[in-house]
Amino acid sequence: MIVVAVIAMLTSNFFPILAQADGLTATFLAIPYTPQPGDFYYGSFSPVSVEIDGPDVLKYTQCSDLTNGIQNLSIVWNISGKTFQESLFVDDGYIHTIGLTKSGIKCAFSNPQQTPIIGSRGIYQFDPTEEKVAVTLTFNKGSTVLGTGNGDLLNPDYVPQAPQIVGINRGDTINGYAKFTVSANSLTAVPKVELCNLNNNNNDNCYLGWGLQQPDHSFVVLTNESFAGQSANLVLSWPYVNSSGNYLYSKTSVIVQIGKSPSPIPWAVVKQFKGILWVQPNLDCGNQSAYSGKNLPCKISPVVGVDGGYGDSSDGSIVNTKIEFNIISQLGTNSWKPLSKVAFPTGKTSLLNVQVPSGSWDRWIFRIDNGYLNQPQDSGIQTYGQLPVGPSINLQFPNFVMWNTPFIISAKASSGTITNCTFYMSQKVLGTVKAKSGVAKISVVAVWSGEPGTAANLYYSASCNVSGKTLSGNGYVKGFR
């Protein structure tokens, strides 16, 4: 086994053979050697490859046998005038046989463990911003040098200098939201944008705000106004693979103040944060009746909250915006139809007038939905009247369903014969199926926002052709994630 090892990679130039021992010669092939999957059973640190030639080498077909059969083989590292010798008496978990030649064998050597070749106790200490340092390697048998090569030892922890945030400076106050860019297009991936607590070293407490990259590569950051008056660290982080092949994270940041938006933040900005924010419309139409052709006056006090409960929205919205709602309605058993679009500010109670359909009807339902952010399924729904007793569609579900797992919804008519049914989730058409033996069935998969371990009521409807008439049915099933 190698008694010491190296934790960095090298680039090299190759030098001619300097000497021979017992007819042996060595030539470095690649410094560093780029391992292929399966080359080193135990992994690799700073692998190098060497061609070893000579009469004695022809006895061997495996490099592990060669290093055990020919004694005193080693590689000597010379960095900044300091040297370190590495024995090549190792097992085959750290040796890969590249191939045989007419006069010898090609081998790749990998080091089994961390060694003091770099670091505070080693022969070289990298500066964090230093990518590489010059190195000379020699291949020895005992004290005889068989080959040499120059190259660069690469810093395994090197991350290039991060770009600077442009448009937001240290101490600036973000009143609700802000836009910014970065100084250079050196991002290797779409970064994660967060507003984190200043006392958070690992960026785990990052619930003070959120950011997104825009199509033009600029950024927008939205603050959680529950924390207005506090300082926060605006952090961009993204994965980076450095020149030695290590997977690291690069980041840039600036300290800011959280303020409150003096005017509603554009809904076009807020609605992008799907999966983070939710909307509760707080629709209240009281106990009043709906009269044909008249306006139905209701009150609405919408708020925006955040998944996970960070920030208190019980006394108001954590984001100041003007939410755009779609109003859709269903008359009798007909399909849902859009009525209008309305917009209401958060943090205020507004009047919502809904036009009641004219004519004679037994039941009318309307609901509002923002169309983007998560909204409780049973919120924003008002129902007036009842369907007359007669043929109806009954939807049947499993006792419960699981997140992202297929299940069956069945539709049956209380009387008459179903020809076909179209199934819906809200306004989204799930599919149209033909009935068999008086039953229409469809297989669906449901996903919804929320943390693992949470539950949600999933609402569905079906519009079916029954004995020449169109009938609708509604129902729900509890889903678990």
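Filtered by the rule that a residue be open to solvent by 30 Å² or more (accessible area, probe 1.4 Å) and closer than 27 Å to residue 388 by Cβ, the stretch 414-428 gives 414, 415, 416, 417, 419, 420, 424, 425, 426, 427.
Among the residues making up the stretch 131-147, those that are assigned to a loop (DSSP other than H, G, I, E, B) and either at negative phi or at pLDDT 95 or above (or both) are 131, 143.
Residue by residue, here is whether (1) within 30 Å of residue 372 (Cβ to Cβ); (2) part of a strand (DSSP E or B); (3) charged (D, E, K, R) holds:
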site	(1), (2), (3)
432	yes, yes, no
442	yes, yes, no
448	yes, no, no
463	yes, yes, no
470	no, yes, no
478	yes, yes, yes
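For the stretch 322-343, a tally of residues being within 32 Å of the chain's Cα centre (by Cα) and touching a residue at least 60 places away in the same chain (Cβ under 8 Å) returns 1.
The residue that is nearest to residue 246 (Cα to Cα), among those in the stretch 160-177 that are open to solvent by 40 Å² or more (accessible area, probe 1.4 Å) and assigned to a loop (DSSP other than H, G, I, E, B), is 160. Beta carbons closer than 6 Å, at least 6 apart along the sequence or on distinct chains, pair a first residue in the stretch 209-223 that is surrounded by fewer than 22 Cβ atoms within 10 Å (Cβ to Cβ) and at pLDDT below 95 with a second that is among the hydroxyl-bearing types (Ser, Thr, Tyr) and not in a loop (DSSP other than H, G, I, E, B) for 218/181. Return the total of residues in the stretch 343-361 being over 21 Å from residue 318 (Cα atoms) and surrounded by 13 or more Cβ atoms within 10 Å (Cβ to Cβ). So the count comes out to 6. Of all residues in the stretch 429-440, those being under 41 Å from the mean Cα position of the chain (by Cα), loosely packed, with under 15 Cβ neighbours inside 10 Å and either closer than 21 Å to residue 457 by Cβ or among the basic types (Lys, Arg) (or both) number 2.
Quick check: is even one residue across the stretch 48-56 part of a strand (DSSP E or B) and open to solvent by 10 Å² or more (accessible area, probe 1.4 Å)? Checked the stretch 48-56: at least one residue is part of a strand (DSSP E or B) and open to solvent by 10 Å² or more (accessible area, probe 1.4 Å). When 20, 36 are checked against the criterion of being open to solvent by 30 Å² or more (accessible area, probe 1.4 Å), at pLDDT 80 or above and farther than 12 Å from residue 94 by Cα, 36 stands alone in meeting it. Once the stretch 456-475 is narrowed to residues that are surrounded by 13 or more Cβ atoms within 10 Å (Cβ to Cβ) and over 14 Å from residue 411 (Cβ atoms), the residue that is nearest to the chain's Cα centre (by Cα) is 456. Scoring residue 232 on the criteria (1) surrounded by fewer than 18 Cβ atoms within 10 Å (Cβ to Cβ); (2) among the hydrophobic types (A, V, I, L, M, F, W, C); (3) without any contact (Cβ under 8 Å) to a residue 40 or more places away in the chain leaves a single failure, condition (1).
The values are calculated or read from the model by the stated rules, or taken from the named source; none is laboratory data. The structure displayed is predicted, hence computed values, not measured ones. Virtual Cβ from ideal backbone geometry, glycine too; neighbours counted across all protein chains shown. The accessibility values were calculated without ligands, DNA or RNA, using every heavy atom of the protein model including side chains. Shrake-Rupley method; radii C 1.70, N 1.55, O 1.52, S 1.80 Å.
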